[in-house]
Amino acid sequence: MFGRGKSVQGPIETLIGAATVVEGDLRFKGGLRIDGEVRGNVIANDGEPSMLVLSARARVVGSVHAASVVVNGTIEGPVQADELIEVQPEARIRGGIRYRAIEIHQGAVIEGTLSQIEAERPGLKLAASKE
């Protein structure tokens, strides 16, 4: 059931290395892997496919928003995954998570609320309705 049919958004095009500290907001498109630290928000461009990967050494102090998020590091702030979030065994998230689909591995720690984003459903019209 888990681990099958995961959609990968594409290749990781950008890497923030383990010895790197970024101070300020970070906007990206496509794939981004963080091994270092970001002190600011990490936000993917709206309406474009995106994948954010945080390694076990990664740390983000700020909000995170992308289509797909894989976390094995630390996030101190709210997270929104418009499609899928995978919370791996070494992950530590201190903040609420909004997601469409979620996978949580044994050992992961989440201190915050979990809220599912409802899938948009097409409006239904009743046959008797004149609208």
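What the table below lists for this structure:
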item: Residue (of 64, 44, 108) at the positive-pole extreme of region 12-116, dipole from beta-carbon charges; result: 108
item: Amide H contacts under 5 Å for residue 114, placed H, 5+ residues apart; result: 97
item: Size of electric dipole in region 12-116: Cβ of Lys, Arg +1 and of Asp, Glu -1, about Cα centre, debye, nearest 20; result: 140 debye
item: Most to least packed among 62-73, 36-47 [average Cβ atoms within 10 Å]; result: 62-73, 36-47
item: Under Karplus coefficients 6.51, -1.76 and 1.60, residue-wise ³J(HN,Hα) of region 83-98 in Hz, glycine/proline x; result: 10, 9, 10, 10, 9, 7, x, 8, 5, 9, 10, 10, x, x, 10, 10
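Only the coordinates and a few stated rules stand behind these numbers; no lab work does. This structure is a prediction, so every number in the text was calculated from the model and none was measured. Glycine also receives a Cβ, built like all others from the backbone with ideal geometry; neighbour counts cover every protein chain displayed.
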